[in-house]
Amino acid sequence: MTAQLSDDFPVLLGPVRIETRFTATELLVRVFPDEWQVDKFESRPTEAEMAALDAYWTARWATGGRADALRAAWQELVGRIPAGRATWLLKTRTPANPAEEPAGVAAGTTVLVVRSTAAPTAGDRQAAITYWTAVWRAHGDPPAYAQPEPRALDPGRVHAPGERGPRVVAVLA
């Protein structure tokens, strides 16, 4: 009864839980596979996964397209969600305006990312940029951003550091 095993087929011994029961005439053995062997799929994301996805999209947009920062955003996501699950979830939860993701932003430039449930309409976009830029500059101090901006802001232009305009403003929905 000691036949050789063929090398044609690999054998993997993984961790299992074994339960045994004795009856009057038999030994019953039950084998439970460990978690890593179970192929399961949850189609509904958890609250923690949704928070991780939102944090990823915010971090990704804030990178301004810089490769090293994009990798860091991805590493943070897969630190919270397994990579396969994260990839699938990213296909199901994307920003409302993916074409407006900032790219090619110079190092040292701040990208202001504002998350909302929907992208602002074309008529509201400038007002949203003006408001959130003022909030960012005031560090959340309401009296500092209650006054309107003294000049019109150009959302399509990357302003030089120290200029009185937004450096880059992206609205993520």
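Numbers for the structure displayed
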{"item": "Matching residues in the stretch 68-85 - criterion: being without any contact (Cβ under 8 Å) to a residue 24 or more places away in the chain and more than 28 Å from A106 (Cα to Cα)", "result": "P82, A83, G84"}
{"item": "Selected residue (only one of T87, T46, T63 is surrounded by 10 or more Cβ atoms within 10 Å (Cβ to Cβ) and under 11 Å from the mean Cα position of the chain (by Cα))", "result": "T87"}
{"item": "In the stretch 91-109, residue nearest to P45 (Cα to Cα) [restricted to those that are surrounded by 14 or more Cβ atoms within 10 Å (Cβ to Cβ) and out of contact with any helix residue (DSSP H, G or I) (no Cβ under 7 Å at 6 or more places or on another chain)]", "result": "N97"}
{"item": "Residue check, G123 at pLDDT 85 or above and over 21 Å from P45 (Cβ atoms)", "result": "yes"}
{"item": "The stretch 121-137 residues that are in a helix (DSSP H, G or I) and surrounded by 14 or more Cβ atoms within 10 Å (Cβ to Cβ), paired with ones that are modelled with pLDDT under 85 and among the acidic types (D, E) (beta carbon under 6 Å, 6 or more apart)", "result": "T130/E149"}
{"item": "Pairs with Cβ under 8 Å, 6+ apart, first in the stretch 3-21 and without any contact (Cβ under 8 Å) to a residue 40 or more places away in the chain, second part of a loop (DSSP other than H, G, I, E, B) and among the acidic types (D, E)", "result": "G14/D34; P15/D34; V16/D34; R17/D34"}
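The values are calculated or read from the model by the stated rules, or taken from the named source; none is laboratory data. Because the structure is predicted, anything quoted here is derived from the model rather than measured. Backbone-built Cβ (ideal geometry, glycine too); neighbour counts: all protein chains shown.
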